[in-house]
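Bear in mind that the values in this text are calculations on the coordinates, not laboratory data. This is a predicted model, so every value here is computed, not measured. Glycine gets a Cβ as well: all are built from the backbone with ideal geometry, and neighbour counts include every protein chain shown.
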Amino acid sequence: MIESYPLYWPEGRPRTSRISRERSRFDTSFARARDEVVRQVELMTGRYEWMRHKAELILSTNVPLRRDGLPMASARPPDDPGVAVYFNYKGNPVCFACDRWLTVVDNMQAIAKTIDALRGISRWGTGDMMEAAFKGFTALPAPTERGWRDVLGLQPGTAPTRADIESAFRRRRSECHPDRGGSADEFHAVQAAYQQAIKEVTL
């Protein structure tokens, strides 16, 4: 399950090393950059009331969230400035991710500008150009290398009920949450294991 917080970096996308990150020349504030990402997604998808369809847009960072699910401008800047934006475009899940710049603000602004540029292709180019441009932004599901029973702390070879799975998921999610001393990688592994478990027990 993709979460807004902590950062859910897309599987298979390389990360920029800390020493390779650059200072940008963007002139914007956190709130303006955040809102511009939302605006560009709305313009791209034609969905202008995204809060009614919140699951369709996920702005994922290591910045704690406001009540509406967007990152909080007043929060302390995190060590990892990566940003990933997930949404559906023409029925397909896509992801724009950036960690080239030193701050979350600049990485959000870079994503907003990238989406705006793609909107330009849509307006001025041809349909095949747009489809080709979007292929690189396809969001792939994160694979779980360990079996989901192992990740969720369930006995191998057992046939747990959905209630067993949900109980184990809540416990492991709490244990692995970065705010409680866990790691983001393990937290995301638990999310992916839960999705796989539910899929299997409902087949």
Gaussian network model of the chain, Cα springs within a sub-10 Å range: biggest mean-square fluctuation belongs to which of THR16, THR103, THR161? THR161
Once amide H atoms are built 1.01 Å from N in the peptide plane, which residues 5 or more positions from CYS95, or in another chain, come under 5 Å H to H? THR138, ALA139
Where both partners of a DSSP beta bridge lie in the chain, what percent of those bridges are antiparallel, to the nearest 5? 95
Computed from the mean reciprocal separation of all distinct C-alpha pairs, what Kirkwood hydrodynamic radius does the chain have, in Å? 18.3
Give me, ordered by chain and number, the residues 5 or more places off SER24 or on other chains with an amide H under 5 Å from its own placed amide H. LEU102
Positive minus negative residues near PRO81 (Lys, Arg vs Asp, Glu; Cβ under 14 Å): +2
Of ALA97, ALA163, ALA73, the most mobile residue in a GNM of the chain (C-alpha springs, cutoff 10 Å) is ALA163
Excluding ASP116 itself, what net charge comes from residues whose Cβ is under 11 Å from its Cβ, given Lys and Arg +1 and Asp and Glu -1? +3
Overall Cα dimensions of region 59-111, principal axis frame, Å, largest first: 35, 28, 14
